[in-house]
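Engineer: Once you've had a glance at the structure underneath, I'll fire off some questions.
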Amino acid sequence: MRILLVEDDYQLAASLSEALEAQHYIVDVAHNGAAAWQQIALLPYDLMLMDVTLPQIDGLTLCQRLR
């Protein structure tokens, strides 16, 4: 399962990514909404975990764009 983790707090993103990878998930990390939007165009994801308050494109706007 491939997961896109969108979190602007680098320490939290690293901790979450490490925990998910320990459970054998493939995790890609984006640190802002614009980077996440680019990643979504490149790869199919089974799950996205995202912060609501993100730089450039916030999590709610990103979710609306995906819909």
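Engineer: Taking ALA22, is it of a type outside the set (S, T, N, Q) and under 11 Å from the mean Cα position of the chain (by Cα)? Walk me through it before giving the result.
Structural biologist: Working: of a type outside the set (S, T, N, Q): yes; under 11 Å from the mean Cα position of the chain (by Cα): no.
For ALA22, the condition - of a type outside the set (S, T, N, Q) and under 11 Å from the mean Cα position of the chain (by Cα) - is not met.
Engineer: Now for a different question. Filtering region 36-67 down to residues that are within 14 Å of MET1 (Cα to Cα) and more than 11 Å from the chain's Cα centre (by Cα), which residue is surrounded by the fewest Cβ atoms within 10 Å (Cβ to Cβ)?
Structural biologist: Pass one, region 36-67, residues within 14 Å of MET1 (Cα to Cα): 43-49.
Among the residues that remain, those that are also more than 11 Å from the chain's Cα centre (by Cα) are: 43-44, 46.
Working: LEU43: 10, PRO44: 7, ASP46: 10.
Ranking the qualifying residues of region 36-67, first place goes to PRO44.
Engineer: While we're looking at this one, here's another question. Go through (1) modelled with pLDDT of 95 or more; (2) outside any strand (DSSP E or B); (3) within 18 Å of GLN11 (Cβ to Cβ) one by one and return the number of the condition LEU54 breaks.
Structural biologist: (1)
Engineer: Which of the residues belonging to region 1-35 are in a strand (DSSP E or B) and either open to solvent by 30 Å² or more (accessible area, probe 1.4 Å) or within 20 Å of GLN64 (Cβ to Cβ) (or both)? Spell out how you get there, then give the answer.
Structural biologist: Start the filter on region 1-35 by keeping residues that are in a strand (DSSP E or B), which leaves 2-6, 26-30.
Within region 1-35, ARG2, LEU4, LEU5, VAL6, ILE26, ASP28, VAL29, ALA30 qualify.
The values are calculated or read from the model by the stated rules, or taken from the named source; none is laboratory data. Predicted, not measured: the structure shown is a model, and the values here were computed from it. Don't worry about glycine lacking a Cβ; one is built from the backbone with ideal geometry, like all the others, and counts go over all protein chains shown. What goes into the accessible areas is simple: the full protein's heavy atoms, side chains included, and nothing from ligands, DNA or RNA. Shrake-Rupley method; radii C 1.70, N 1.55, O 1.52, S 1.80 Å.
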